[in-house]
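The structure under discussion appears below in the form of C-alpha cells.
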Amino acid sequence: MTSKTKFLPYNQQTIRRAPQWNNFSTEMKHTIEVLSHVLPFRVNQYILDELIDWENIPNDPIYRLTFPHREMLREDEFSQLSDAIRTKKSTADIRTIVNNIRYRMNPHPAGQLTHNVPRLNGESTDGLQHKYKETVLFFPASGQTCHAYCTFCFRWPQFVGMDELKFEARTSDILVEYLKRHPEVTDVLITGGDPMIMSAKALRSYIHPLLIPELNHIKNIRIGTKSVAYWPQRYVSDKDSDDVLRLFEEIKATGKNLAIMAHYNHPNELQTEVAQTALKRIITTGATVRMQSPLIRHINDTPQSWASLWTTGVRLGAIPYYMFVERDTGPNEYFGMPLFKAWEIFQKAYQSVSGLARTVRGPSMSAFPGKVMIDGITEIAGEKVFALQFLQARNPDWVRRPFYAKFDSQASWLDDLKPAFGQSYFFYEESTQNIRQENKIKIIAA
Ligand code: SF4
C-alpha cells in the first residue's frame, strides 16, 4: 500500500469485503457482529494493511484498538444479544436489549450533557461545552465521525445513531455569539468525533469565523484528532491535504496558536513512513502537536509502550501532553485499570525518558469536578494514601491544591475513592453537591 491510497473505510456490513476477512475465525466474525450492534465499528484499509500485525491477532494492540472482542460486554449481555441475533428476534426486541446495555454503560460521564452545556439567551447551546473557565469545546456537526472507531471510545454515543445521546452544532454562529460574550475564554477546542474527517472547505467554514478581530481574546485554537494515527494521508496525499495545511498557516498568520491535540494510543501508530511525514508537514505550518491518550488495558498497559510513544514523538517534534485514566463509560470494565496500576505504569515510563518527554502529565481522570491527577502513592502519619491534585477544575480555586485519598487497590475512578485521615468528604465535594443541587432546582423550576 502506498501513501497515495484512497480512503477506504469498512463498517460491520462491509468488513467482509476486506481482504483480511479470511483471517477471522467463525467465532471472531460472530463477536464482531454482536458487539457492533451495541458499540460503533469502523476500520479502514490503511489500518488493516499497515498497522495491524495479522500474525499477532487477537493480541495485536491496534487490532484490540479497532476490532471488538467478546469480553467488552458482560457475559450475560453477550449471551442474551447473541441468542437474539441467532434466533432472528424482531428488530424491536434486539433494539431493546441493545439500548438497555447502552444505558448501563454510562453514555455521558462527568456531566457532559447535564452540566457542561452552556446557555445563550436562556437557550441551551447545541454542540458547545464549557466546563473550564478558559476553554470552550465545540462539536461541529460534520466532524462527528472518525477515520476508524476506537473500541474504548469515551464518545461512543456520538456514533451509535441515538440522537438523544448526541451533541453537535451545524454552524459556528452560536459559538461566535457565545465567545463574544465571554472574554475570559482563551481557547477553543474543536472536537468530535474527529474534525479532521471534514473537507478543508468545511473545516475552514467553521474556523474562519473565529479569526475575526472581535474574538482577539481567543489565543489558542485546538483541534482534537486521531487522523494523525488512523489516516495520516489526510496531511500528505488526500486531494485537499495541501488546503488543510494552508488553513493551518492562515490560522497561525493571525497570531493565534494552533495546537493539534493528537490522539496516539500506541507507538506502532508512529512507525509508518506516512505517519512520520504527516507529523513533519503539520509542524512545518507552525502548528504544535501534543500527544495524548488514555491508558488502556490490553492495548498500551506497559511502561515500555508509553516510553516508546513519548520518545518517538519527541524525536519527530510532538510534545507528550497527557496520560488519561480510562473513563467510566462504555466497555471500561474491560479496558480500565486500578488507579495504583495506572500510577505505577506512568511512573516507570516517566522515569525512563529524558526531560524533553517529561512534559507529559498523568495519570489524569477527567471526572465530574475536573481533571484530577494522581501525584503518587505514599504513607503519611501511618496511613497509605493517594496524593491527588486538580490540573483543571470547575472552580479554578481548586487547581493545584493537594488532597489525599485512602489507598484502595480496587479503585479505578475518582468516585471509588474515600478521603484519607478520617475526613468525611473531599474539600471540593461541598461545592459540587451545590452545583448538582442548583441544577436539580433549575430542572424542577423549568
Ligand atoms: S478517534 Fe476519538 S472520538 Fe473517534 S472513536 Fe477514537 S476515541 Fe472515539
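The values are calculated or read from the model by the stated rules, or taken from the named source; none is laboratory data. Given the structure is predicted, the values throughout are model-derived calculations rather than measurements. Positions of Cβ are backbone-derived with ideal geometry, glycine not excepted, and every protein chain shown enters the neighbour counts.
Tell me whether segment 284-307 contains one or more residues that are in contact (Cβ under 8 Å) with a residue 12 or more places away in the chain, crowded, with 21+ Cβ neighbours inside 10 Å, in contact with a His (Cβ under 7 Å, 6 or more places away or on another chain) and over 20 Å from residue 359 (Cα atoms).
Checked against the condition, which is being in contact (Cβ under 8 Å) with a residue 12 or more places away in the chain, crowded, with 21+ Cβ neighbours inside 10 Å, in contact with a His (Cβ under 7 Å, 6 or more places away or on another chain) and over 20 Å from residue 359 (Cα atoms), segment 284-307 yields at least one hit.
Only one of (1) away from the ligand (no atom under 16 Å from the Cβ); (2) surrounded by 20 or more Cβ atoms within 10 Å (Cβ to Cβ); (3) at pLDDT 90 or above; (4) not hydrophobic (A, V, I, L, M, F, W, C) fails for residue 125. Which number is that?
Looking at each condition in turn, residue 125 falls short on (3).
Tally up the residues in segment 48-71 that are buried (at least 17 other Cβ atoms within 10 Å of the Cβ) and in a helix (DSSP H, G or I), please.
Residues flagged as buried (at least 17 other Cβ atoms within 10 Å of the Cβ) and in a helix (DSSP H, G or I) within segment 48-71 amount to 10.
Kindly indicate which of 190, 251, 223, 197 is over 30 Å from residue 102 (Cα atoms) and in contact (Cβ under 8 Å) with a residue 24 or more places away in the chain.
Sole residue among the options that is over 30 Å from residue 102 (Cα atoms) and in contact (Cβ under 8 Å) with a residue 24 or more places away in the chain: 251.
Taking the options 242, 238, name whichever one is closer than 24 Å to residue 52 by Cβ, out of contact with any helix residue (DSSP H, G or I) (no Cβ under 6 Å at 6 or more places or on another chain) and either among the charged types (D, E, K, R) or surrounded by 18 or more Cβ atoms within 10 Å (Cβ to Cβ) (or both).
Values: 242 fails: closer than 24 Å to residue 52 by Cβ.
Just one listed residue meets the conditions, 238.
In segment 3-27, which residues are in a loop (DSSP other than H, G, I, E, B), within 16 Å of the ligand (Cβ to nearest atom) and surrounded by 13 or more Cβ atoms within 10 Å (Cβ to Cβ)?
Just the residues of segment 3-27 that are in a loop (DSSP other than H, G, I, E, B), to begin with: 3-8, 11-14, 18, 24-25.
Going one step further and asking which of them are within 16 Å of the ligand (Cβ to nearest atom), we end up with 7, 11-12.
Answer for segment 3-27, where residues must be in a loop (DSSP other than H, G, I, E, B), within 16 Å of the ligand (Cβ to nearest atom) and surrounded by 13 or more Cβ atoms within 10 Å (Cβ to Cβ): 7, 12.
Residue 131 - would you say it is out of contact with any Ser or Thr (no Cβ under 7 Å at 6 or more places or on another chain) and either modelled with pLDDT of 90 or more or more than 14 Å from the ligand (Cβ to nearest atom) (or both)? Lay out the reasoning, then the answer.
On the way: out of contact with any Ser or Thr (no Cβ under 7 Å at 6 or more places or on another chain): yes; either modelled with pLDDT of 90 or more or more than 14 Å from the ligand (Cβ to nearest atom) (or both): yes.
Judged against the criteria, residue 131 is a match.
Right, residue 206: within 16 Å of the ligand (Cβ to nearest atom) and either assigned by the TED database to the domain that holds residue 42 or of a type in the set (Ser, Thr, Tyr) (or both) or not?
Details: within 16 Å of the ligand (Cβ to nearest atom): no; either assigned by the TED database to the domain that holds residue 42 or of a type in the set (Ser, Thr, Tyr) (or both): yes.
Taking the combined requirement at face value, the residue does not satisfy it.
Taking the residues in segment 182-193 that are at pLDDT 95 or above and either away from the ligand (no atom under 16 Å from the Cβ) or farther than 19 Å from residue 251 by Cα (or both) as candidates, determine which candidate is surrounded by the most Cβ atoms within 10 Å (Cβ to Cβ).
Ranking the qualifying residues of segment 182-193, first place goes to 188.
Give the residues of segment 205-225 that are surrounded by 19 or more Cβ atoms within 10 Å (Cβ to Cβ) and basic (Lys, Arg), sorted by residue number.
Selection gives 222 alone.
Output the residue which, of all residues in segment 28-50 that are under 17 Å from residue 7 (Cα atoms) and over 20 Å from the mean Cα position of the chain (by Cα), is nearest to the ligand (Cβ to nearest atom).
So the first thing to find is which residues in segment 28-50 are under 17 Å from residue 7 (Cα atoms), and the list is 41-50.
When the remaining residues are screened for being over 20 Å from the mean Cα position of the chain (by Cα), the result is 45-46, 48-50.
Working: 45: 17, 46: 14, 48: 16, 49: 19, 50: 17 Å.
Applying the filter and picking the extreme gives 46.
Scan segment 161-171 and give yes if some residue there is away from the ligand (no atom under 16 Å from the Cβ), within 29 Å of residue 333 (Cα to Cα) and in the same structural domain as residue 243 (by the TED database), otherwise no.
yes
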